[in-house]
Amino acid sequence: MTSLLATAQTRRHLWLLLVALCALPGTARGEEANRLLRIKVRPHHGFTRVELFFQAPPDYQLTRGSDRVRLLVRQADAPGFKGLRGYRDQNLGGIICSSRQDHLQLTVPTRQPDTGVALVDFVAPTVLTLDIGPSLKRPNRVDVLPGREPILSGVEQFVRDYSTPAPAALPFTPTDTKTLKRLLPEQEVKLFELAEGALYKEKASDALKLLANFQGKSPQVRALAGFRSAQALVQLERYDEARKAYDAAAALWPEYPGQSPELMQTLADLKARSGDYQGARRLLGDLVGRMAGTGYVPQLVNRLAELSARHGNAAQARNLYRTVAAHAAGTPPAQRARMKLVDGELFSISRDRYQELSDRYQQIYGSPCDFPLRDEALYKLALVQGLYGPARAGLGTAIAYQQRYPRGIFSTIVKKMREELLVPALGESWTGRRYQELVQLALENKEYLTRCFADPEFAPRLAQSCQKAGMLNQELALFGYLLERPWAGGSAPFMLGRLIDDALAVGNRPLAQASARSFLARYPSDPRTQGLHELLARMAFEQGDLKQVASELAFLNQKGRSALSPESNYYLGKALVAGNDWPGAERALSRFCAAPPAGSNLLADSYLMLLNGRSALKQYPAALETCRAGLKVTGGENAALFRYKMGEIYLQLKMVREAKAAWEEVVKMKEAGTWAKLASESLADLGWRLKIAGELP
């Protein structure tokens, strides 16, 4: 780190700054000798922490060698601390204090070559914390956790370039009414005040329209209107026009900006944006001197630091931020300065030290500061956790940011971060077999599962987790939502299939039917469509809608097609019988009877309908075989029915004796019921016809 007074030019400016800061608590003591009061050494895993407690905020310079670290503190002295010369641990080979020409030099030999060094100088104004050890060695690249690279991509440059808009260092001050009354009639005074009111409320366009009314007035009035127009144009980010308006106004009344510090601040901003860094720096330096003893100084110094950083002088910017953080502690400008100092480590720490960085952002977030800075602090807290911390912790801070600042400046970035962190977070739950946790996490973050669906196995794992956790209703709700998301389209067929299965499992038949029809409409060539047609046919059959059954299963009677579920042939046959389509019914029922499911209670009815179909088609030999097969699977009154039908078929085949024998058998059956009566009537009728024909046996 370079000295606070690195060059003669910088020394003059910062000396003026320190004088101005004397009005604030905890100020520096100028050129009075500082003193190192105490040294605390604390070994940690991977590094050793050396805390240096000074009497006043130190002005120091840190240098690093291959085998030692040297800290030079100007205008300071210290006791010998001889007891620390012999201190040894894995990282340090002693601590040596010496005073030379009013400068204190602290030398720390290191036990390992080119070891890592980190210095924290803004937590307390009078304390320097020096961490030395291999765990602090700067990585060649940003040391994020594996898999977090998508979070880092694009964000690093954005964070380096972005600066939260700081509130104006000097507040808007309306033009003195006495001055206006001296220059304008009373009505025009009110109009000018109305324009300034619009400017104060950041209604720049309205302000410009009102100020245009003063273009034809006296030079001083035109100058006042020009200065205010410049400020309005700055609000509209029309900086070139603003500079021209300011210069024209200054030409009309060159002395006036000296009476209005806020105009000097506007000019400094305009100079900086036009590339006149030195001119902007001089103006801000003058403002710091003019505002000495007021609470505006820290904010002005922050502005000067931002200007330095923007023009490539990072060392000077850090020195200025450190000064504000140390001397204006507890104020919003100090928190803004601390933010900038912490930002310097955001992409350079090793991942094992991320918690320290996280704590610092947390401290800033919890301290008094303006709204945009709190927004930024919470975002960077989430970013640190997202890059370096456990997935669940990073996810939690991202969610906390979105809840606190749903329309925050960084909301789009945090949304993408949340999407990325869900991948490892859900993966950890799956690996750990914490199925309920996985489902709950997916439900709570269902809008952010975009990245998860890049893995084709995610939806099956989610479904399996719902099953194992007994959360089918939750799966219905989740998959129902996800099916409407275009980014989940690759898994939509699977999810829609699960939706059907779950709806059936919980007894929600309307949802199952609607989901099946949706699947058929969306994916007509999917191999699962036949099973869904058969499912819809079964449900239609159970509801008595035989026309729908025939429509769903018509394909089964096509050449080369077979049913996935044998019962589908039965449903189709039954439906076709109802529609008097005897050929179709015969084909469907023949297939069912040829390969019936074991123990099916539909077989007897199938043989009966098949018998009716073959009889209607006059396929009498086949009908007889159907009767014989039916007798093997049934008994009681149904057996009587088949024997009675056999009699009718024998008669059609002119096998009178066989017909007579079949009906006589029915008459003898105890459980024949109505069929015994019908068989007796058929026997009597047969006997009468044979008698008439003279063909009695």
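If we keep just the residues of the range 473-495 that are part of a loop (DSSP other than H, G, I, E, B) and not basic (K, R), which is most open to solvent (accessible area, probe 1.4 Å)? Checked the range 473-495; the qualifying residue most open to solvent (accessible area, probe 1.4 Å) is E484. Scanning the range 71-96 for residues that are open to solvent by less than 50 Å² (accessible area, probe 1.4 Å) and among the small types (G, A, S) yields A76, A78, G80, G93, G94. For the range 27-70, filtered to residues that are modelled with pLDDT under 90 and either touching a His at 6+ places or on another chain (Cβ under 6 Å) or among the hydroxyl-bearing types (S, T, Y) (or both), the residue that is surrounded by the fewest Cβ atoms within 10 Å (Cβ to Cβ) is S66.
Please work out which residue is farthest from D286 (Cα to Cα), limiting yourself to the range 210-237 and to residues that are assigned to a loop (DSSP other than H, G, I, E, B) and touching a helix residue (DSSP H, G or I) at 6+ places or on another chain (Cβ under 9 Å). Here the residue is G216. Out of L564, L520, report the one residue that is open to solvent by less than 50 Å² (accessible area, probe 1.4 Å) and not acidic (D, E). Within the list L564, L520, the selection yields L520. Here G507 fulfils each of the conditions (1) out of contact with any Cys (no Cβ under 7 Å at 6 or more places or on another chain); (2) open to solvent by 50 Å² or more (accessible area, probe 1.4 Å); (3) in a helix (DSSP H, G or I) apart from (3).
Of all residues in the range 628-675, those that are assigned to a helix (DSSP H, G or I), at pLDDT below 85 and of a type in the set (G, A, S) total 1.
Number of residues in the range 159-213 that are open to solvent by 70 Å² or more (accessible area, probe 1.4 Å) and more than 20 Å from A223 (Cβ to Cβ) equals 9.
In the set A578, A595, A659, only one residue is touching a residue at least 12 places away in the same chain (Cβ under 8 Å), on the phi < 0 side of the Ramachandran plot and crowded, with 18+ Cβ neighbours inside 10 Å; that residue is A659.
You will find that of E695, E625, the residue that is open to solvent by 50 Å² or more (accessible area, probe 1.4 Å), modelled with pLDDT of 90 or more and either of a type outside the set (K, R) or not in a helix (DSSP H, G or I) (or both) is E625 and no other. For the residues A325, A334, the requirement of being buried (at least 22 other Cβ atoms within 10 Å of the Cβ), within 27 Å of K137 (Cα to Cα) and aliphatic (A, V, I, L, M) singles out A325.
So that you can scan it fast, the table gives a plain yes or no per residue for (1) over 30 Å from L383 (Cβ atoms); (2) not hydrophobic (A, V, I, L, M, F, W, C):
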| position | (1), (2) |
| --- | --- |
| L104 | yes, no |
| T107 | yes, yes |
| D114 | no, yes |
| P134 | no, yes |
| G147 | no, yes |
| L152 | no, no |
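Taking the range 350-412 as the region of interest, the helices (runs of 4 or more DSSP H) fully inside it that hold 3 or more residues being among the aliphatic types (A, V, I, L, M) and farther than 18 Å from A425 by Cα are 371-388. Taking the range 100-117 as the range and being in contact with a helix residue (DSSP H, G or I) (Cβ under 8 Å, 6 or more places away or on another chain) and touching a residue at least 24 places away in the same chain (Cβ under 8 Å) as the test, the residues that pass are T115, G116, V117. Per the listing R85, R111, R74, R100, the residue uniquely touching a Gly at 6+ places or on another chain (Cβ under 7 Å), farther than 30 Å from Y388 by Cα and of a type in the set (K, R) is R85. Inclusion of Q363 among residues that are closer than 20 Å to L119 by Cβ, modelled with pLDDT of 90 or more and open to solvent by 10 Å² or more (accessible area, probe 1.4 Å) is warranted.
Cβ separations smaller than 9 Å between residues 6+ apart or across chains give the following pairs from the range 80-99 residues that are without any contact (Cβ under 8 Å) to a residue 12 or more places away in the chain to residues that are assigned to a strand (DSSP E or B): K82/C97; R85/I96; R85/C97; S98/L104; S98/Q105; S98/L106; S98/T107.
Being in a loop (DSSP other than H, G, I, E, B) and more than 24 Å from R148 (Cα to Cα) is the requirement here; does D526 meet it? In short, yes. The set of residues in the range 567-604 that are in a helix (DSSP H, G or I) and among the hydroxyl-bearing types (S, T, Y) comprises S568, Y570, Y571, S590. For the criterion of being without any contact (Cβ under 8 Å) to a residue 24 or more places away in the chain and farther than 15 Å from P174 by Cα, K201 fails. Within the range 341-352, is even one residue open to solvent by 10 Å² or more (accessible area, probe 1.4 Å), more than 30 Å from S135 (Cβ to Cβ) and at pLDDT below 85? No, because not a single residue in the range 341-352 is open to solvent by 10 Å² or more (accessible area, probe 1.4 Å), more than 30 Å from S135 (Cβ to Cβ) and at pLDDT below 85. Just one of the listed residues (D375, D370) is open to solvent by less than 10 Å² (accessible area, probe 1.4 Å) and more than 24 Å from A118 (Cα to Cα), and it is D375. Summed over the range 605-618, residues that are outside any helix (DSSP H, G or I) and either touching a strand residue (DSSP E or B) at 6+ places or on another chain (Cβ under 9 Å) or surrounded by 17 or more Cβ atoms within 10 Å (Cβ to Cβ) (or both) total 0.
Which one is modelled with the highest pLDDT, of the residues in the range 141-158 that are charged (D, E, K, R) and buried (at least 17 other Cβ atoms within 10 Å of the Cβ)? If we take residues in the range 141-158 being charged (D, E, K, R) and buried (at least 17 other Cβ atoms within 10 Å of the Cβ), then R148 is modelled with the highest pLDDT. M646 falls short of the stated requirement of being among the aliphatic types (A, V, I, L, M), free of Cβ contacts under 8 Å to residues at least 12 places away in the same chain, out of contact with any Gly (no Cβ under 9 Å at 6 or more places or on another chain) and surrounded by 12 or more Cβ atoms within 10 Å (Cβ to Cβ). For the residues G432, G470, the requirement of being more than 23 Å from L511 (Cα to Cα), out of contact with any helix residue (DSSP H, G or I) (no Cβ under 7 Å at 6 or more places or on another chain), without any contact (Cβ under 8 Å) to a residue 40 or more places away in the chain and open to solvent by 20 Å² or more (accessible area, probe 1.4 Å) singles out G432.
The values are calculated or read from the model by the stated rules, or taken from the named source; none is laboratory data. For clarity, every value in this text was computed on a predicted model and none was experimentally measured. All Cβ positions, even for glycine, are placed from backbone atoms using ideal geometry, and neighbour counts span all protein chains on display. The accessibility values were calculated without ligands, DNA or RNA, using every heavy atom of the protein model including side chains. Shrake-Rupley method; radii C 1.70, N 1.55, O 1.52, S 1.80 Å.
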